Each structure stands twice: as structure tokens, then as C-alpha cells.
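Heads up: the structure comes next, in C-alpha cells.
FYI, it's all coordinate maths here, none of it is from the lab. Because the structure is predicted, anything quoted here is derived from the model rather than measured. Neighbour counts are summed over all protein chains in view; Cβ atoms, including those assigned to glycine, are modelled from backbone coordinates with ideal geometry.
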Amino acid sequence: MQLYGDGLHDDTAAIQERIDSSKVFELPVPENFYLISKPLCVHSDFVFKADANTVIRLAPNSDCMMLCGNHLKNVVINGGKWDMQNTLQAPNPLVTYTYGQIKHDDMDDRYLGVAMRFFDISNFTFKNSTLRNPVTFGVQLTKIFQFTIDSITFDYDVGNPILGTMDGVHLESGCSFGRITNLKGKTFDDLLAINADDFYYGDITDIAVDGIFSDGGHSAIRFLSSGSNVKRISVQNIFGTFYQYCIGITKYYFLGDKTKRGQYDMISIRNIYASKHYRYPDFYTPESYVYPLIYIEKELDIRNLLISELHRREDETDVETIFVDSDTVIENLCIENCSYENKVGNAPFLVNRGQIKQLKTDNINLYGDNIRFM
């Protein structure tokens, strides 16, 4: 079957034919770009390669994912610029319908605006790619064991219908033994979501995150637990400005069991060089509420949390750096080797409305006469 790459012919069937018949498939550099209209589905023991500048674009009114794989092992996705063209697809179903009308099930193939989705894969690698303007998430990963995500760029500048729910990498439950490195760009929801109880429910463990770079993004990382365990997570080297928060450790979710508490343990956050960015897109949060840089929500049980080498020079928003909300219990919180300078006000470095059973602080440098620690 002929492969065109001219941006006019639909290359879906030709690309899929080559995927199905190959262990390693390298997409040729096209004359223009590749146009697809259905999801490309990968298989086990497979490597997909494309030049970093090769554009794969979803045709208008396709209303589907671009790339997917379920119940597999040994999969590598390397390269490509994946452009979902969100304004030419059906509007974001997460904001055009109420949450109660969206069935949360990763094996449901209905249109949810996700550019890529991978479910139940062992030994998975996704690297050297650009994701452009998905309707909702760039890539959604569920039950992925032993994985590497590296050098992914997010090129988001428009939403359909609003700039909202547009995550970058979205981890669901069952993800473990993974390394995520060098995520770059601006997203209009969490650049990295580590969500144990979202579309799928269960623990997320043993994840290393190293390198997030964003100027004016929504947030670097959101953790979410409504009863499942999020534990043994290492985060380091975050740089940039964020209009929601830099890191959120949360419970809240519309469909979550409100009787359950978020469960966290062995969370390490290091080397954060970040500050606030002014809020510009229309989003859920009322304008009257401004999130802190590190937001620890209510109704959480956290056994061990380390925050180290957090350095903030604030030019935009006078809000606390670390905030612990009411009815959250932290057994052991260690904050060390941090600095904070606020050029627009005197919001405190740490506000605690919950219960911190053991707090250890060391080498906290606060610049300004009226800056308080608590």
C-alpha cells in the first residue's frame, strides 16, 4: 500500500500495514506531513521510529486517539511530532458534559480527547517526541510496568472549547518502576499528573521524575489519591513559572469516594527553582482563590514527605510557598536547604492548617523583614 506523506492523502492504512508487519518500523521523512484519521495501534516486541521533525497530523473530524496499545510488552515509541489539531475535532467532552456523564474506564474506546493511550504494558519507552494541541491529555498511561518517558515537548497554544484539562503526561493507577525525564513546554493542566484514583483506581509506586521545564504552565506535577497509595516517588529538578501551583499533593476529584482520604508515603521533592505566573486562561478555579507554590490539600494522610532545595524568587503573586490544608495529617515533614524572596508582598513561607506530627527544618533562608516561616 502506498505511503504518501503529502498531507493530502490519508496514510492511516499504509502506516498501520507497516506496523503490523514489522518488529522495527521507521517512518520515512515525508514530503510534507502524514495525515491519519484513525488510531495507529502498536503490538508487542515493537519499535516505532520517526524523525523528531516528522509531523503526524490527525485529520479534521476524526474524533479519536492518534496512537494506542493495550495488553502488550516491549514497546518503544521514538520520535515524531504528533499534532491532534484539537480545534478541528469534537469539543473536549470533559468540559462540554458534566463529569457524571463520563464513564471513567480506560478500556472504553469512546472519544475522550486523548492523543495517545497505553494500557497494561510491561517494558514501555516513549521518547524524543512532540505533542501538539490534544483535546485533553497528551499521553495517558495506565498499568504500565517498567517504563521510560524521556525528552517529550508539549506544544499547546489553543483549546477546544477552553484552555483546560489539557495534561501532558497523565499516569493512572498501576504504573510502577518508571523514570520520567526532560518534560518541556506549556500545558493547560498538569504537565505531569500522577493520579492514582482518576479514570482507573489503584496504587502508583516507585517513580523517578527528573527534569520539568515550563514557562507559564498550569502546574509541573499533580499527585492525586482518593484512597489508593501513592508512594516511593522521587521528584527533582523543576524549573519555571506556573499559574496554578508548581506541585499539588491532592485528594479532590469529582467522582472520588469522599469518605476516603488520600494516602501518601515516601515522597521526595528536591531542586525546585520556581515561582508563580499570572493566571490567564479561563479555568475551574474561582479568581478569588490563588494557589500556593506547593499545595498540600485537605483530607490527606502523609507518612513521610521531604522538600529540599526549594528556591523561589517571587515577582508576580503574593501567596505562601508551602501550604498544608485542614484535616491533613503529616507524620514526618522535613524541609531543608530552601530560600524564599518575595518582591511583591510578605506571604509566609509555610502555612500549616493541618497536623504535622514531626516537623524538621534546616537552613531556610527568608529574604525580607516581614517574611515569616509559619
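Taking GluC sites (Glu not before Pro) as exposed when DSSP calls them loop and at most 15 other C-beta atoms lie within 10 angstrom, the chain has its longest site-free stretch at 32-286. In the chain, the DSSP beta bridges split such that about 0 percent are antiparallel, to the nearest 5.
Charge tally around Leu67: other residues with Cβ under 11 Å, Lys/Arg +1 each, Asp/Glu -1 each, net +2. Only one residue of Gln236, Tyr289, Leu305 has its Cα farthest out toward the positive end of the dipole of the chain, where Lys and Arg carry +1 and Asp and Glu -1 on Cβ, and that residue is Leu305. Shown for Arg117, Arg110, Arg57: other C-beta atoms within 10 Å of each C-beta, ranked fewest to most, produce the order Arg110, Arg57, Arg117. Pairs of Cα atoms nearer than 8 Å and 6+ residues apart set the relative contact order; for the stretch 157-219 it is 41 percent. Using the Cβ-Cβ distance between Ser21 and Phe239 with R0 set to 51 Å, the FRET efficiency works out to roughly 0.75.
Provide the FRET efficiency to the nearest 0.05 for the Asn363-Met1 pair, computing r from the beta carbons and using R0 = 51 Å. Approximately 0.20, to the nearest 0.05. For the chain, the Cβ-based charge dipole about the Cα centre amounts to some 540 debye (Lys, Arg positive; Asp, Glu negative; other atoms uncharged). Computed on the chain, with alpha-carbon pairs under 8 angstrom and 6+ residues apart, the relative contact order is 8 percent. With an a/c value of 1.5 or above and a/b not larger than b/c for the gyration tensor axes a ≥ b ≥ c computed over the alpha-carbon atoms, the stretch 111-161 is described as oblate. Sort the stretch 41-367 into rounded, prolate or oblate with this rule: let a ≥ b ≥ c be the square roots of the eigenvalues of the Cα gyration tensor; rounded if a/c is under 1.5, and if a/c is not under 1.5, prolate when a/b is larger than b/c, oblate otherwise. Taking the square roots of the gyration eigenvalues as a ≥ b ≥ c, the stretch 41-367 is prolate. Sorted ascending by nearby beta carbons within 10 Å, beginning with the fewest, Ile207, Ile77 become Ile207, Ile77. Using every pair of separate Cα atoms, the Kirkwood estimate puts the hydrodynamic radius of the stretch 153-218 at 12.6 angstrom. Full extension of the chain between His71 and Lys260 gives 65.0 nm of extra length, using 0.36 nm per residue less the Cα-Cα distance. Counting beta carbons within 10 Å around each of Tyr289, Tyr156, Tyr367, Tyr4 and listing the fewest first gives the order Tyr289, Tyr367, Tyr4, Tyr156.
Simple spin-label model, 7 Å along Cα-to-Cβ: Ala13 to Asp215 in nm? Simple spin-label model gives 4.6 nm for this pair. Take 300-308, 131-139 and order them by the average number of nearby Cβ atoms within 10 Å per residue, most first; the result is 131-139, 300-308. Each Lys or Arg adds one and each Asp or Glu subtracts one; over the other residues with Cβ under 11 Å from the Cβ of Ile272, this totals +1.
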